[in-house]
Structure formats: structure tokens, C-alpha cells
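The next block holds one structure in the form of C-alpha cells; read it before the comments.
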Amino acid sequence: MLSRVASSIYWLNRYIERAENYARFIEVNLNLSLDLPRGTIEQWEPLVATTGDHEAFVGRYGKATKDNVLHFLIADHENANSILSCLLGARENARSVREIISSEMSEQVNRFYLMVKDAVTGGMSSHSLHAFLGEVKAESHLLWGITDATMSHGEGWHFARLGRLLERADKTSRILDVKYFILLPTADEVGTPFDMIQWSDLLKSASALEMYYKRYGRIAPDDVAAFLILDPTFPRAIRYCLIKSEDSLHAISGSERGSYQNMAEKRLGRLRAELDFVDIEDCVTRGLHEFVDDFQTRLNRVGEAIFETFFAPHRLQGIQSTPEGQ
């Protein structure tokens, strides 16, 4: 497969997953704001910090009001990571590889883009915003279902899954950081019903609440973190994403699991292996935010290695932006 084609398929799926997860970031903050005690000021600036775009936001908007943050994350053409910009990037990548992907995939990407564009153009009230965010998630799920059902599970499909799951692993870690940045409780609040409601809302933002309850039965902060970081079977858990990403990377390279032929496989394999042997006590003792921050840095290095290994010969042709933190 040509590097240009592989890069476009990879970035098409990263953009779609990024748009979905930005919708999740906004949704969890909206839900948590509804649960804040009376008189508590809503916090919106930390939401930009969790996306990695804080410096760009402050330089252009200054004050982090609700309206400013929502416009920046959803509709800002100049923010390469806004939901609208991600869908535009996905659409352009889909056009460049329309001879490789199925027509159903191309049509769904186009419908998804037009839905977002129309919603942004028409403006969104508080009520329609919730509906819009749910629609972004649903359209993303629909595209992946169409991809899985209409695209041969060869190299192209593996690049699609690799891009989607690496992006998802990064964003799941950032959803955990929402709790750290926005809702870090005082010592008196830890373990209170309000604290438990916040953790429950966090699970909802990752579509993880029901599966979590089936596993643990009750809300406990360490268990929530363990589920979202270390569970090997839940599709939005970080460890699951790394396991399946590594499977796709080996399928692309043709190497055996437990070995590596390039730096991308080496870095991803090492990161996945460390999660196999870590427990949540290690993460909490170190500091959950510190663990997440280090993970994001190392995952970015995996992305850099993938670029150098597979896409660098056509670096001027790829339709892509730089992932957060790189």
C-alpha cells in the first residue's frame, strides 16, 4: 500500500475518533456542571487544558467563558482540532482514497461532515447542544460499523483501526484528566455522594457505566480508574486499545507478537507490555495525573514512530494535523 494512501486512511479515522471524543469531553463537563452544588462556578478553562490546546485558546480568546470554549472546541475553523475541523479533515482524506475505501464509507463521512456543518451554521441552544453531541457520537459509531462491514480486513483496514484506537487511548486518558483538572475534590469531599456522582458521570462520558457496574457493582474511584486504564476487554479502555493497536501494527508489518521490526512496534509493544503488569495502586501512588501525563507523552512518541516508519516518504502529501502534545 502506498504511504500516501495508508496515511490518509489512518488520519481519516483519527479525525473521526477525535471528533467523537471532543463531543464526549464537552458532554461530561455539561453533565457535571448540572450536578455542581448551588453557587458553584462552572469551570470551562480546564476543559481546554485537557485537550492540549490551552495555549492556542488563550492566545485567541483570552477568557474561558462557556460560549468561547464551546465555539473553540466545536466550530472554530482556525482550531485544527475542533469537531468541525476534524470532520473537514476526515472528508478530505476520504476523498483522496475514495478508490480504496467503500462507497458506503465515503457517503457516511460526507453525511457526518454535512450534519456538523449544518448544526454549526444553524447555531445550537443548550437543548440542541446535547442532541448534537449525541449525534456526533452516533455518526462516528455508524462509520466504524460501516468500515468494519464493507472494507476488506487487510492493510487498509488495519491502518484504519490503528488510527482510531491510538486516538481513543489518548482521549480516554484525557477524560480521566477531566476529573483531575476540573473536579479534584478537597479531602472532605472524597467519598461523598457528590464525589461518586462525578465519577459516575465520567463513566457515562466513556459509555462505560453499565459495563463498569457489571464488573464492580459500585462506584469507587480506584476501580473506575482501573477499568478505564487497565481493562483488557472494554473497547474504550486504554489497555484494550493498545492490545488491538499492536495486533494491527503486527498485521501491517508481518511480524510476530513479541517481536518487532521497526521503532513503532518497539515503542507500542513496550507501552502495552507495561500496562500488562501495572496495577492501579501503582498509578494512584505515583499520582493519576502524573501517570496519565506520562502515558500521553509516550503515546505521542508511538505516533511519531508510526509516521517515520510508514508515512514519512510522503510527508508533503498527507492531509493531517499534529496530534495534541506533539
Normalise the Cα radius of gyration of the range 47-182 by 2.2 N^0.38 Å (N = residues in it) and let me know the number. 1.13
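Where does the chain land on Rg(C-alpha)/(2.2 N^0.38 Å)? Working shown, then result.
Values: Rg = 19.3 Å, N = 326, 2.2 N^0.38 = 19.8 Å.
Dividing the Cα radius of gyration by 2.2 N^0.38 Å gives 0.97.
Nothing charged except the Cβ atoms of Lys and Arg (+1) and of Asp and Glu (-1): what's the magnitude of the dipole of the chain about its Cα centre? Round to the nearest 20 debye. Write down the numbers at each step before the final one.
On the way: 36 positive and 46 negative charges, 144 e Å.
Approximately 680 debye in magnitude.
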Taking a temperature of 20 °C and a viscosity of 1.002 mPa s, what whole-number D in µm²/s does Stokes-Einstein yield for the range 1-124 with Rh from Kirkwood over alpha carbon pairs? 136 µm²/s
Answer with one residue from Gly303, Ala226, Asn110: the one whose Cα lies farthest towards the positive end of the charge dipole of the chain, charges on Cβ with Lys, Arg +1 and Asp, Glu -1. Asn110
Selected from Thr285, Thr297, Thr309 as most flexible by GNM, with the chain as the system and alpha-carbon contacts under 10 Å: Thr285
Lys, Arg +1 and Asp, Glu -1 on Cβ, resulting dipole of the range 53-162 about Cα centre, debye, nearest 20: 180 debye
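Using a 1.4 Å probe over the heavy atoms of the protein chains, calculate the carbon and sulfur portion of the accessible area of the chain as a whole percent.
On the way: 7290 of 14140 Å².
Summing carbon and sulfur atoms, their accessible area is 52 percent of the total for the chain.
The values are calculated or read from the model by the stated rules, or taken from the named source; none is laboratory data. Computed from a prediction, not measured in an experiment: that's the story for all the values here. Counting neighbours? That spans all protein chains shown, and the Cβs are built from the backbone with ideal geometry, glycine included. Note: areas computed on protein heavy atoms with side chains; ligands, DNA, RNA excluded. Shrake-Rupley method; radii C 1.70, N 1.55, O 1.52, S 1.80 Å.
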